[in-house]
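Accompanying notes for the structure given below.
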């Protein structure tokens with residue numbers, strides 16, 4: 001296995017990739033091989049990727065013969081975001097391979113990937129959420145400007161998905177949080193889902209490539 005450094009955007013991404021790495025390769029990723037540029041509880045991103053601390057980590061890993069993998073959300077404009085991120089390679093003198101969540105082609109984020117890898121038995125939970133969003137879109141509150149309601153963020157949908165499947169104990173509630181989720185729990189997630197094939201191909205090609 002080749003030496004590697006995976007840079008992601010936040011705690012939720014970090015925990016997902018720790019679990020997915022273990023599922024995919026049968027071993028845990030080395031300590032500090034999956035990181036995000038911000039502090040715990042913060043979200044990294046383009047600005048923090050360009051921080052001197054992160055750039056130094058990328059350069060050091062390259063100097064030691066490793067491969068750098070930057071895995072960020074595609075957001076709403078993947079082409080623009082790809083150009084912005086790839087420009088860092090030249091302007092900051094670093095090297096990395098880029099992958100955009102959810103599938104390296106569509107707009108979106110980690111939450112879109114997660115929605116596509118839930119255990120199929122739990123699809124009725126997501127169907128109910130879609131109905132809930134549809135009903136919210138119909139509501140008008142005269143005293144609100146504008147009168148339409150704000151649809152909850154995708155992160156809220158994932159929280160709600162897990163909350164419906166876990167009980168009310170404090171220990172179970174902890175498993176809803178970004179850093180405490182268990183993506184290897186097959187009752188909740190399918191890490192062998194067809195949707196993960198592009199990500200799997202990217203990781204295997206870069207981490208298992210011959211030195």
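Structure values in brief
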read-out: Criterion (out of contact with any strand residue (DSSP E or B) (no Cβ under 9 Å at 6 or more places or on another chain), surrounded by 15 or more Cβ atoms within 10 Å (Cβ to Cβ) and closer than 21 Å to residue 73 by Cα) met by exactly one of 157, 177; value: 157
read-out: One residue from 132, 202 being assigned by TED's automatic domain parsing to the domain that holds residue 26 and either in contact with a strand residue (DSSP E or B) (Cβ under 9 Å, 6 or more places away or on another chain) or farther than 30 Å from residue 27 by Cα (or both); value: 202
read-out: First in the range 165-177 and in contact (Cβ under 8 Å) with a residue 40 or more places away in the chain, second anywhere and surrounded by 12 or more Cβ atoms within 10 Å (Cβ to Cβ), Cβ under 8 Å, 6 or more apart; value: 165/122; 165/125; 165/188
read-out: Condition met for residue 47 (loosely packed, with under 13 Cβ neighbours inside 10 Å, over 29 Å from residue 186 (Cα atoms) and without any contact (Cβ under 8 Å) to a residue 24 or more places away in the chain); value: yes
read-out: Yes/no for residue 77 being out of contact with any strand residue (DSSP E or B) (no Cβ under 8 Å at 6 or more places or on another chain), within 16 Å of residue 202 (Cβ to Cβ) and assigned by TED's automatic domain parsing to the domain that holds residue 8; value: no
read-out: Residue within the range 150-172 that is part of a loop (DSSP other than H, G, I, E, B), touching a helix residue (DSSP H, G or I) at 6+ places or on another chain (Cβ under 6 Å) and closer than 16 Å to residue 118 by Cα present; value: yes
read-out: Filter result for residue 95 (in contact with a strand residue (DSSP E or B) (Cβ under 8 Å, 6 or more places away or on another chain), surrounded by fewer than 15 Cβ atoms within 10 Å (Cβ to Cβ) and in contact (Cβ under 8 Å) with a residue 12 or more places away in the chain); value: yes
read-out: Residue within the range 50-62 that is in a loop (DSSP other than H, G, I, E, B), in contact (Cβ under 8 Å) with a residue 12 or more places away in the chain and in contact with a strand residue (DSSP E or B) (Cβ under 9 Å, 6 or more places away or on another chain) present; value: no
read-out: Tally of residues being within 19 Å of residue 202 (Cα to Cα) and in a helix (DSSP H, G or I) across the range 91-110; value: 1
read-out: Check on residue 5, buried (at least 18 other Cβ atoms within 10 Å of the Cβ) and not in a helix (DSSP H, G or I); value: yes
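The values are calculated or read from the model by the stated rules, or taken from the named source; none is laboratory data. Remember, it's a predicted structure, so these values are computed and weren't measured experimentally. Because the Cβ atoms are built from the backbone with ideal geometry, glycine has one as well, and the counts that use them run over all protein chains shown.
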